[in-house]
Structure formats: C-alpha cells, structure tokens
C-alpha cells in the first residue's frame, strides 16, 4: 500500500487562552508543509494579525511579508517586516466566530530562502467586520525549518477553541 | 472497504538550465494541482503554462494583485496562463517564488478553469496574487507545459503535479 501524500503531523486545540503555539521536532522527510487553522483572539478589536516565526526565534528576524487585504468594501496592500500569515477574529468579532486560514510552506527542509503563501478570512455575519487576506511571505534564511510558532502581532492571545493543524505533504 | 488515495503525487520535475517542463501522463483523476517553486538563472522571465500545446488561447483571466503598497484588479485575454500574473520571477540566489494552480475537471467536456495562488516576496519588492484563468476549450487536458519566457530555470526549481480523486 503506498504511503499517503498528506500526513497529519500535529493538532492543537486550545482549551484556554494562550499567547502562541509551537509545532516542534518537525521531521524533514516531507516535501512541503501545510497549516490549517481556525483562530480567535482576546484583542479588543474586530480583527488581529497572526504572524509566524521559525526554529525557536523570539524576534521577527529575516522575515518579510506583502499582503493584500479586503475589508468590507475596500481593498489595500501593504508590506510588513514580520511574517504575517493571516488574520484572526478578535474579542469584538461576532460571538462564536473564528477566522480561518491556510499556510503553505514549500521546501521547508531545503537550503534556500523559504517562500510562504497564505490565505485567510474573517466573516462574522455582520455588515462591517468582514475581511479576506492573501499574503506572500519570505523567510530569508537557508536553515531548514524544524519548528514553527504562530502568535499574534500585538502581544494578544489566542482564546479557547482556536485550532491549529499541521500536515506534511510528499511529492512522491 | 479500503478507501483509495484521494490526493496523489503524479510526477515531479526539477529542471535546471532548461526552459520547459511537460507533464503528459495523467489520467483517472477529477482535478489536478500543480505546486511550483521556481526561479530563473541569469535572465528573469515569467512563469507560464499552457494546455495541449495551445499557443494562441486566448486564456481569459482576471487578476487580483497586491504589490505591497497598492491592490488592483484587471482583466485580459492573453495567449498563455501566467502563474506569476504577468511579472517575472527572480534571478536572486537562493530566492524562489511559489505558485499553486488548481485545475478543475481537466478531463471533462466543459471549458477549463484554473485558480492560481502566487507568492513572491523578494525582501524589498514582489507581489501577492490570486488569478483565475479560463481556457475556453471543451477538450480534455492531456498535456501541461510549464515554461519561462526569459532565461532558463535555475537549480532548485521544482514542479510537482498532483491528482485529486472525487469519491
């Protein structure tokens, strides 16, 4: 029986407030990684930005991002000096709603800089708190990725019910 | 009943010093996905794709682009599919762009839709894009050509074709 292409490597569902989540000891035996997440934060706003760090880094070193962002009836684009990968629902979002996003990381175990592609959305059935975002990020490092940390950009925390799933993808 | 695999790698190509990769052996799937991680060597060119050798198209497209300061949308009907949405890749060492293309109902008898996710942050420039293309052909796709119109693909470039089966 052939080995599966998509392999579920880890799953985290928060049962309380938590500032960041980390997937560690990621095996190097896959070609690409995929993260699917559903998040909400305690930020006093309708939305917050989620960012990514690698290999235990405690700062946004070697990370950049450019994103486009549609909110309600406007669209814009911006550049950031951190690894922005998504938007999260927040404390002022509609009750019981969580933003959804996916992050694709090709060649995570390779020895080149790492492009990162992500798409996220926050829709809470309101007339003013709806957002969709696509982001191109870059980890400008040739070091293989062995751990991934997701956190919020404003030192806020993810709340209970937020979910983070990591998959490994093989190309043969 | 043992379930069959839903998402299968069909082929991977890692070109270096060449301009074109062709996938022409795939059948039995519902949809296709291509993952591209690519760069040029000395001369920057776009990352392009076409089906069944059709060099005229037109491949009708709508683009949604963010360049880091402005977001825009446009429509046109070029003679090829732009996986980088009309801009060139990079020649910078160790820096690659990524594109993901979902090709729906490739073997069916309706026109073919392709959704493209393009990520190209170059640490000071670049873009993020989401593109939709329509190949107005009712022929089944039997050949996928991925190519660049400037220079050659550089070492480290990878194209993987996956097949997805519906139940």
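Looking at the range B:73-96, which of the residues that are away from chain A (no Cβ under 11 Å) and not in a loop (DSSP other than H, G, I, E, B) is surrounded by the fewest Cβ atoms within 10 Å (Cβ to Cβ)? Within the range B:73-96, the match that is surrounded by the fewest Cβ atoms within 10 Å (Cβ to Cβ) is B:75.
Please give the strands (runs of 3 or more DSSP E) falling wholly within the range A:8-60 in which 2 or more residues are surrounded by 21 or more Cβ atoms within 10 Å (Cβ to Cβ) and in contact with a strand residue (DSSP E or B) (Cβ under 6 Å, 6 or more places away or on another chain). Let's see the steps before the verdict.
Details: elements: A:20-23, A:32-39, A:47-54.
The qualifying strands (runs of 3 or more DSSP E) are A:32-39, A:47-54.
Can you find a residue in the range B:138-161 that is at the interface with another protein chain (Cβ under 8 Å from one of its Cβ atoms) and part of a loop (DSSP other than H, G, I, E, B)? Yes. In the range A:105-172, counting only strands (runs of 3 or more DSSP E) that sit wholly within it, the ones holding 1 or more residues that are in contact with a strand residue (DSSP E or B) (Cβ under 9 Å, 6 or more places away or on another chain) and closer than 21 Å to residue B:159 by Cα span A:114-122, A:131-139, A:163-169. Tally time: how many residues in the range B:97-113 are without any contact (Cβ under 8 Å) to a residue 40 or more places away in the chain and either in a loop (DSSP other than H, G, I, E, B) or within 9 Å of the chain's Cα centre (by Cα) (or both)? So the count comes out to 4.
Pairing each residue of the range B:60-81 that is without any contact (Cβ under 8 Å) to a residue 40 or more places away in the chain with any residue that is loosely packed, with under 12 Cβ neighbours inside 10 Å and outside any strand (DSSP E or B), provided the two are 6+ apart or on different chains, yields C-beta distances under 8 Å for B:79/B:55; B:79/B:56; B:80/B:55.
Each reported figure results from applying straightforward, stated rules to the coordinates on display, with no laboratory input. Keep in mind that this is a model prediction, so the values were computed, not measured. In this analysis, Cβ positions are derived from the backbone assuming ideal geometry, glycine residues included, and neighbour counts consider all displayed protein chains.
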